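To start, the structure itself, in structure tokens.
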Amino acid sequence: MRKILIETLCQLARQNEQIVLLTGDLGYTVIEPFAEEFPDRFYNVGVAEQNMMGMATGLAEAGYIPFVYSIVTFATLRAYEFIRNGPVWHNLPVRILSIGGGLEYGTLGLTHYGLEDIGMMRLQPNMTVLVPADNLQLKTMLKKTWSLPGPIYYRISKYDARVVGLRGRFGLGRLQLIRHSPKAKILILTTGAITKEVMAIKTDCSVGIISSISPAPVRQLKQLLSKFELVMTVEAHYLSTGIGSLVAEVIGDYNLPCRLVRCGVKTINQFIGSEAYLHKAYKISS
């Protein structure tokens, strides 16, 4: 999704001079179109993600709308205290572009697994958390949300070719039903790029995508969950604090009579390999 990300960001930057882009010495062959068109609005901070978040906080306080680009673990784990103390506590419009969530960078080892980020970010008050499932949805998402007040976290796949049939549909605080089977007793809820694995499942089931994690689609979830005997959540994330936890909270809060099965990464093993290999190894493949 990185190519469409930068294309859309360039379009938005032509319309608003307050948009700036920061990177932590990453994104080569991807971010050049923005850097070349807006050299005075592009900052390569170097391998200093905490400082980068501090700079973004200052820029936001000065009236700019900073987009911060980094790999998921560097954008979240390394800079987490700076995110909390800066954009969250001061409710500033910093946009975190987190690349390669889940196991997309699995060939680089456990240090590059991105399995905690959704939970970490939805925990923070005032943080909007958005996870596009494909390119077209990302484009719509950026255009609808870039000007929102407060900080935004985008979990963006590094892959450009995935299409899951959304045709760009996105709504803040809404989920998208992309497969509806009137006779199905099973509902599968998923988020992000792993939707492609879910769509490859041959079982008769309905499929919904939760792209707006925070604000969450609570009203829609209440309506959907009450119609199915079994609900499964599938995510490239730890079981704890991700969309499985979100759905469990809705079931518990509203005493809904459905069974929930959560499918995600339970514990870490010393696996290194491609995303497809790791999905099978952690039992989150189709």
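Of the helices (runs of 4 or more DSSP H) contained entirely in the range 191-286, those carrying at least 1 residues that are of a type outside the set (G, A, S) and within 18 Å of G100 (Cα to Cα) fall at 195-199, 243-254, 275-281.
Specify which of the listed residues (I210, I152) is under 21 Å from R259 (Cβ atoms), of a type in the set (A, V, I, L, M, F, W, C), open to solvent by less than 30 Å² (accessible area, probe 1.4 Å) and at pLDDT 95 or above. Result: I210 is the single residue among I210, I152 that is under 21 Å from R259 (Cβ atoms), of a type in the set (A, V, I, L, M, F, W, C), open to solvent by less than 30 Å² (accessible area, probe 1.4 Å) and at pLDDT 95 or above.
Among the conditions (1) without any contact (Cβ under 8 Å) to a residue 24 or more places away in the chain; (2) under 25 Å from A276 (Cβ atoms); (3) not small (G, A, S), I186 misses just one, which is (1). Look at G171 and say whether it is farther than 20 Å from T57 by Cα, touching a strand residue (DSSP E or B) at 6+ places or on another chain (Cβ under 6 Å) and part of a loop (DSSP other than H, G, I, E, B). Considered against the rule, which asks whether it is farther than 20 Å from T57 by Cα, touching a strand residue (DSSP E or B) at 6+ places or on another chain (Cβ under 6 Å) and part of a loop (DSSP other than H, G, I, E, B), G171 comes out as no. Contact annotation: residue pairs with Cβ atoms under 6 Å, 6 or more positions apart or on different chains, pairing a residue in the range 72-84 that is closer than 9 Å to M53 by Cα with a partner that is among the charged types (D, E, K, R) and open to solvent by less than 40 Å² (accessible area, probe 1.4 Å), are A79/E49. Scanning the range 105-124 for residues that are surrounded by fewer than 21 Cβ atoms within 10 Å (Cβ to Cβ), modelled with pLDDT of 95 or more and either in a loop (DSSP other than H, G, I, E, B) or among the aromatic types (F, W, Y) (or both) returns Y105, E116, Q124.
Kindly indicate whether any position in the range 217-235 is under 25 Å from R155 (Cα atoms), modelled with pLDDT of 95 or more, of a type in the set (D, E, K, R) and surrounded by 19 or more Cβ atoms within 10 Å (Cβ to Cβ). Scanning the range 217-235 turns up at least one residue that is under 25 Å from R155 (Cα atoms), modelled with pLDDT of 95 or more, of a type in the set (D, E, K, R) and surrounded by 19 or more Cβ atoms within 10 Å (Cβ to Cβ).
Scanning the range 136-144 turns up at least one residue that is at pLDDT 95 or above and β-branched (V, I, T). Only a single criterion out of (1) assigned to a loop (DSSP other than H, G, I, E, B); (2) of a type outside the set (G, A, S); (3) under 19 Å from L239 (Cα atoms) is not satisfied by V129, namely (1).
The values are calculated or read from the model by the stated rules, or taken from the named source; none is laboratory data. Just so we're clear, the structure is a prediction, and the values are computed from it rather than from any experiment. Here Cβ is always computed from backbone atoms with ideal geometry, including for glycine, and neighbour counts include all displayed protein chains. Heavy atoms of the whole protein, side chains included, go into the accessibility calculation; ligands, DNA and RNA do not. Shrake-Rupley method; radii C 1.70, N 1.55, O 1.52, S 1.80 Å.
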